[in-house]
């Protein structure tokens with residue numbers, strides 16, 4: 001059949017991956033350093049990923065393609081949890097795709113999958129997401145054979161944290177890209193002490209609009225004292241800073257915001273205040 005579908009210009013694409021979290025259907029993956037359409041059947045041709053490619057490598061065209069398969073897409077989406085399901089359903093509603101939306105809802109009903117919350121927002125059946133505060137951060141001693149952790153709470157991943165948790169109230173918050181702690185050798189001794197930590201991957205995490213809302217809540221409701229964003233030098237990582245700045249614009253309070261750029265070898269390349 002001939003229908004609308006995305007096309008990715010291999011020459012323009014630099015593999016930054018910003019298109020991936022903005023494709024609710026999971027039709028795009030990074031393969032061999034380039035964004036690729038994994039299957040015609042995953043792409044609905046609505047172009048949700050358009051505008052997120054800094055190189056302008058993605059366009060929508062009409063060509064001979066396999067039919068889009070909503071059931072196949074839903075089989076994949078449900079494996080990634082409620083946040084991804086909600087993002088997909090929102091995408092369909094915003095584009096007026098009533099038939100596909102109803103097909104997705106029917107899919108969920110047939111499998112007994114409910115999107116209704118069964119617990120407060122900061123609760124989760126998964127033990128790994130249970131909110132915890134540690135009694136005291138261990139004293140750091142650089143001469144010790146083993147460097148103690150400076151982490152004072154759990155969870156730390158942005159999708160799992162609750163802005164209402166006591167570990168964030170009135171604190172200085174460090175928002176770090178996932179790779180930062182693996183690159184910076186003295187992350188626990190130099191950057192983490194005295195900070196409430198949150199981590200995220202701006203390239204691979206889905207439904208990042210939630211991150212903006214949580215950061216707004218941290219600023220306005222938890223009344224954090226400051227926000228420090230640590231990102232890697234790779235281009236796609238900078239969008240984490242953009243999320244923080246977007247939240248700062250939406251928030252009613254104003255807090256000091258600074259950011260640091262980390263090299264792949266763990267050196268601090270830049271450290272600046274932006275608010």
In the range 1-13, the residues that are buried (at least 16 other Cβ atoms within 10 Å of the Cβ) and within 27 Å of residue 233 (Cα to Cα): 8, 13
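Listed residues 180, 184, 262, 229; which is under 25 Å from residue 19 (Cα atoms), crowded, with 20+ Cβ neighbours inside 10 Å and over 17 Å from the mean Cα position of the chain (by Cα)?
The conditions single out 262.
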What about residue 29, is it out of contact with any strand residue (DSSP E or B) (no Cβ under 8 Å at 6 or more places or on another chain) and either surrounded by fewer than 18 Cβ atoms within 10 Å (Cβ to Cβ) or not in a loop (DSSP other than H, G, I, E, B) (or both)? no
Here is a list of conditions, (1) part of a loop (DSSP other than H, G, I, E, B); (2) free of Cβ contacts under 8 Å to residues at least 40 places away in the same chain; (3) over 20 Å from residue 238 (Cβ atoms); (4) under 17 Å from the mean Cα position of the chain (by Cα), and residue 48 meets all of them except one; can you say which number that is? (2)
Quick check: anything in the range 43-54 over 25 Å from residue 96 (Cβ atoms) and in contact with a strand residue (DSSP E or B) (Cβ under 6 Å, 6 or more places away or on another chain)? no
All conditions in (1) within 30 Å of residue 29 (Cα to Cα); (2) touching a helix residue (DSSP H, G or I) at 6+ places or on another chain (Cβ under 7 Å); (3) modelled with pLDDT of 90 or more are true of residue 108 except (2)
Identify the single condition in (1) crowded, with 16+ Cβ neighbours inside 10 Å; (2) modelled with pLDDT under 85; (3) farther than 29 Å from residue 107 by Cα that residue 18 does not satisfy, given that it satisfies every other one. (3)
Pick from 66, 94, 75: which is over 20 Å from residue 19 (Cα atoms), under 22 Å from the mean Cα position of the chain (by Cα) and exposed (fewer than 14 other Cβ atoms within 10 Å of the Cβ)? 75
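Which of the residues that make up the range 232-243 are surrounded by 19 or more Cβ atoms within 10 Å (Cβ to Cβ), assigned to a helix (DSSP H, G or I) and out of contact with any helix residue (DSSP H, G or I) (no Cβ under 6 Å at 6 or more places or on another chain)? Can you show your working first?
In the first step, residues of the range 232-243 are kept if they are surrounded by 19 or more Cβ atoms within 10 Å (Cβ to Cβ); the result is 232, 236-241, 243.
Right, trim to assigned to a helix (DSSP H, G or I) and you get 236-241, 243.
Across the range 232-243, the qualifying residues are 236, 237, 238, 239, 240, 241.
Report, by residue number, each residue of the range 1-19 that is within 12 Å of residue 50 (Cα to Cα) and in a loop (DSSP other than H, G, I, E, B). Lay out the reasoning, then the answer.
Quick first cut of the range 1-19, residues within 12 Å of residue 50 (Cα to Cα) only: 5-8, 18-19.
The answer is 18, 19.
Only one residue in 61, 100 is touching a helix residue (DSSP H, G or I) at 6+ places or on another chain (Cβ under 9 Å), touching a residue at least 12 places away in the same chain (Cβ under 8 Å), not in a loop (DSSP other than H, G, I, E, B) and not assigned by TED's automatic domain parsing to the domain that holds residue 236. Which one? First the steps, then the outcome.
On the way: 61 fails: touching a helix residue (DSSP H, G or I) at 6+ places or on another chain (Cβ under 9 Å).
Matching residue, one of 61, 100: 100.
The values are calculated or read from the model by the stated rules, or taken from the named source; none is laboratory data. Predicted, not measured: the structure shown is a model, and the values here were computed from it. FYI the Cβ positions are ideal-geometry reconstructions off the backbone, even for glycines, and counts take in every protein chain you see.
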